[in-house]
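A quick write-up on the structure given underneath.
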Amino acid sequence: MAFALTPEGEREVDELLTRYPERRASLLPVLWLCQRQNGWISSEVVDYVSQRLDLSTATVRGVVTFYTMFFEEPVGENVVWVCRTLSCDLRGGKAIQDHLENKLGCTAGHTSSDGKFTLLKAECLAACGQAPMVQINDRYYENLDVEILDRIIEAHVTRGAEAAADEFSTHATFGAPSKAPISTAPPPPSPEAVRLASQPPPAPEPVGDES
Ligand code: FES
């Protein structure tokens with residue numbers, strides 16, 4: 001069935017189109033609007049966007065496949081991105097991923113059987129100073145340990161994403177910052193971080209014969 005935005009969504013597209021000199025410049029925000037309504041970018045969404053912005057479907061699909069934030073398949077009610085880049089990994093990112101896989105009953109790249117969570121791995125989400133962290137939907141949860149993570153997941157299940165974000169999220173990826181830091185006591189550094197920090201610095205390179 002053909003995809004259509006709600007009347008409100010259509011008005012938002014009209015407004016977006018006034019902001020840019022070319023229609024194609026609004027491609028990212030229009031795709032984002034569509035994904036928020038549909039949950040993912042189906043081929044029907046690609047058709048809609050290509051017609052609305054007067055672009056080829058290949059152009060639209062090329063953008064969708066380039067950006068990992070656009071989903072090419074249906075996802076769960078909540079999408080959990082677990083950061084697995086260096087700063088988070090040194091402070092327990094792998095343990096966070098393992099714990100989520102056990103708790104949700106699915107490996108990264110998959111959706112829990114109840115459809116409530118899709119678990120994905122992410123490259124650095126630019127919150128290295130608060131590692132380890134995850135992004136759930138469009139909210140950041142930082143300075144995590146598995147106990148706090150359990151409370152965050154339970155809050156999503158029992159009270160919904162918005163209530164969970166109000167209580168636990170440190171800030172949003174877009175929009176206004178939310179209220180409180182998740183924890184005032186960051187977790188201790190991992191053994192690997194301690195090992196790396198205790199290594200002597202490399203000897204300086206000789207700069208040439210000065211005699
Ligand atoms: S390494 Fe995880 S936020 Fe940068």
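Side notes on the structure shown:
- Here T170, T6, T18 are placed in order of increasing Cβ neighbour count within 10 Å, fewest first, which gives T18, T6, T170.
- Label-to-label distance, nm, for residues given as K116 and R151 (7 Å Cα→Cβ offset): 1.8
- The alpha carbon centroids of the stretch 87-116 and the stretch 1-39 are separated by 32 Å.
- Taking every C-alpha pair closer than 8 Å and separated by at least 6 residues, the mean separation divided by the residue count of the chain gives a relative contact order of 14 percent.
- Calculated FRET value between E12 and Q199, using beta carbons and R₀ = 41 Å, to 0.05: 0.20
- GluC sites (Glu not before Pro) within the stretch 54-153, DSSP loop, no more than 16 other Cβ atoms inside 10 Å: E72, E123
- For the stretch 36-158, the fraction of alpha-carbon pairs in successive 10 Å shells from zero, as %: 13, 40, 28, 15, 4
- Size descriptors for the stretch 39-78 (Cα atoms only): Rg and Dmax, in that order, 10.3, 32 Å.
- Secondary-structure-derived ellipticity at 222 nm for the chain, considering helices only, amounts to -12500 deg cm²/dmol, per-run term -39500 (n - 2.57) for DSSP H runs with n ≥ 4.
- Compared with the rule-of-thumb size 2.2 N^0.38 Å for a compact globular protein, the chain has a Cα radius of gyration ratio of 1.27.
- 15 Å beta-carbon shell around I41, net charge (K/R +1, D/E -1): -1
- Restricting the calculation to Cα atoms, the stretch 104-158 shows an Rg/Rh of 0.95 when the hydrodynamic-style radius is the Kirkwood one.
None of the figures in this text is laboratory data; all of them are computed from the coordinates on show. Keep in mind that this is a model prediction, so the values were computed, not measured. Counting neighbours? That spans all protein chains shown, and the Cβs are built from the backbone with ideal geometry, glycine included.
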